[in-house]
Every structure is written in C-alpha cells, then in structure tokens.
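*Asks:* Here it is, the structure, as structure tokens.
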Amino acid sequence: MKIDATNWGILHCLQDNSRLSNAEIGRKVGLSSPAVAERIKKMEDFGILKGYKAEVSYTKAGYQLKAMITLRAFMGRLQPFLLKVSSFSEVVNCYRITGNENIIMEVVLRDQIHLQEFIDVLIPYGEVKTHIILSNLIENNPVVNALTSKKT
C-alpha cells in the first residue's frame, strides 16, 4: 500500500491524538468522514496502523524510577532469557540489539529496592548494566514521511 500525503496527514493526526473523530481528521486533511474511515481501515488492514494505546504516567501510577537496562547474555543463556522476559512486569519495552549487549530493556520500578531485586533476577542470564532515566527529551515522537521531512 502506498502512503500518500493524505494518508500521512491522517497518520499525523492519529499519532497526535488517536481519539480524534473521523470528521475532525477529515477537516484537517480535506476529506469526508467516510473517506477518512476507509483510509484508516485500509492502513489497519495493511498493518501500517498497528493499534491504539493509552499513555500512562509511570510516576502517577506509583513508579519512582524509569531505567534502561542492557543485558549481555552468558553463553547459552540468551534463549532462556528470551522465553522469560515477557513475564517481567517491570519491562515496558525490550529490544534485541547488535553490539556488545544482546538486549536493551526499558523498565519502570517502584524504587531503588525494586531495582536491586530486578537486577538480581536478571544476573543469572548475563552481565547487566543499568542507566537511570532522569528525564524524557523526546517521547512517542510521531513517525513522519521520510521523503518530505526536513533535515536540520
């Protein structure tokens, strides 16, 4: 499926606020509400739009710490970790990466004690490095049309 300028406009609207009505999006991109609905359905069917989610404040949900944790798996411990990681409620995002480490995880934790306990769970799988997040400089930045976005 080709993503034209109008579809990019719809995607921008949805990434900014996925609760906008089709009529509101239509006013912004110059289409009728049914035309917007049809385009959104096609983008969902093609997997371009993967879903709609609520953003939750981790601090207001009771978590004091957010961290990035890298794991360099011990020999023979990567596959067991890959099977186990989805059961860790602390993990918000997890990526398998290239480089010296195998895994990078974004985690939310109640406090330093919770961090220590979580590291203790990870240690049998490999070498762990923790980076406490102090603030978010960019979060949930929208995906934009690479062909028309300006380079700075």
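*Asks:* Residues of the stretch 1-10 being part of a loop (DSSP other than H, G, I, E, B) and free of Cβ contacts under 8 Å to residues at least 24 places away in the same chain, which ones?
*Replies:* Within the stretch 1-10, Lys2, Asp4 meet the criteria.
*Asks:* In the stretch 100-117, what residues are without any contact (Cβ under 8 Å) to a residue 40 or more places away in the chain and within 21 Å of the chain's Cα centre (by Cα)?
*Replies:* Within the stretch 100-117, Glu101, Asn102, Ile103, Ile104, Met105 meet the criteria.
*Asks:* Right, another one. When the stretch 120-129 is examined, which residues are found to be within 18 Å of Val92 (Cβ to Cβ) and more than 22 Å from the chain's Cα centre (by Cα)?
*Replies:* Of everything in the stretch 120-129, just one residue is within 18 Å of Val92 (Cβ to Cβ) and more than 22 Å from the chain's Cα centre (by Cα), namely Val121.
*Asks:* Do we find that Leu83 is among the aliphatic types (A, V, I, L, M), exposed (fewer than 13 other Cβ atoms within 10 Å of the Cβ) and at pLDDT 95 or above in this structure?
*Replies:* Here the answer is yes, as Leu83 does meet what is asked.
*Asks:* Test Met105 against the stated conditions and say whether it is part of a loop (DSSP other than H, G, I, E, B) and out of contact with any helix residue (DSSP H, G or I) (no Cβ under 6 Å at 6 or more places or on another chain).
*Replies:* No: the conditions fail for Met105.
*Asks:* Looking only at the stretch 44-96, how many residues end up being within 29 Å of Asn17 (Cα to Cα), touching a Phe, Trp or Tyr at 6+ places or on another chain (Cβ under 7 Å) and not in a loop (DSSP other than H, G, I, E, B)?
*Replies:* Total satisfying the criteria: 1.
*Asks:* Mind listing whichever residues of the stretch 4-43 are of a type in the set (D, E, K, R) and under 30 Å from Val108 (Cα atoms)?
*Replies:* Asp16, Arg19
*Asks:* Let me ask something else about it. Note down all Cβ pairs under 6 Å where the first residue falls in the stretch 11-29 and is closer than 14 Å to Pro142 by Cβ, the second is exposed (fewer than 14 other Cβ atoms within 10 Å of the Cβ) and among the hydroxyl-bearing types (Ser, Thr, Tyr), and they're at least six residues apart or on different chains.
*Replies:* Hits for this filter: Ser18/Tyr52.
*Asks:* Looking only at the stretch 11-42, count how many residues are over 24 Å from the mean Cα position of the chain (by Cα), surrounded by fewer than 16 Cβ atoms within 10 Å (Cβ to Cβ) and not in a helix (DSSP H, G or I).
*Replies:* Of the residues in that region, 2 qualify.
The values are calculated or read from the model by the stated rules, or taken from the named source; none is laboratory data. Keep in mind it's a predicted model, so treat the numbers as computed, not measured. Ideal geometry is used to build each Cβ from the backbone, glycine not excepted, and the neighbour counts take in all protein chains shown.
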